[in-house]
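A.B. asks: Okay, handing you the structure first.
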Amino acid sequence: MMPFLYFPEDKTEYIPAFIALAIFMTLAVIAMYFMMKKSRKDEADFKKKYNQQLESANSTTDKPNS
């Protein structure tokens, strides 16, 4: 019967797993960086468009207080 958890006696068997983990973690960090960069750019574009629309709406509906 095979044991449920396998812990190798030779600890060098952990090296490929560590390398794979390091590669995937690095790729995840890089992907997260690009997603955050894109999100910041999209937010800036949205704010720019929203502010332009808000200013144009205010200029057409502004009435002097009397």
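A.B. asks: Tell me the angle of helix 14-61 to the major Cα principal axis of the chain, expressed in degrees between 0 and 90 and rounded to the nearest ten.
C.D. replies: Helix 14-61 sits at roughly 10 degrees to that axis.
A.B. asks: Mind checking which aspartates and glutamates have their Cα closer than 18 Å to the Cα of LYS37? Skip sequence neighbours fewer than 8 apart in that chain.
C.D. replies: ASP45
A.B. asks: While we're on this one: On a full-extension model of 0.36 nm per residue, what is the gain between LYS11 and VAL29, subtracting their alpha-carbon distance, rounded to one decimal in nm? Walk me through the numbers on the way to the answer.
C.D. replies: Numbers: separation 18, 0.36 × 18 = 6.48 nm, distance 2.74 nm.
Computed gain between LYS11 and VAL29 is 3.7 nm.
Here, each number is a calculation from the coordinates, and none is a lab measurement. Note that the structure is a prediction, hence the values are computed from the model and not measured.
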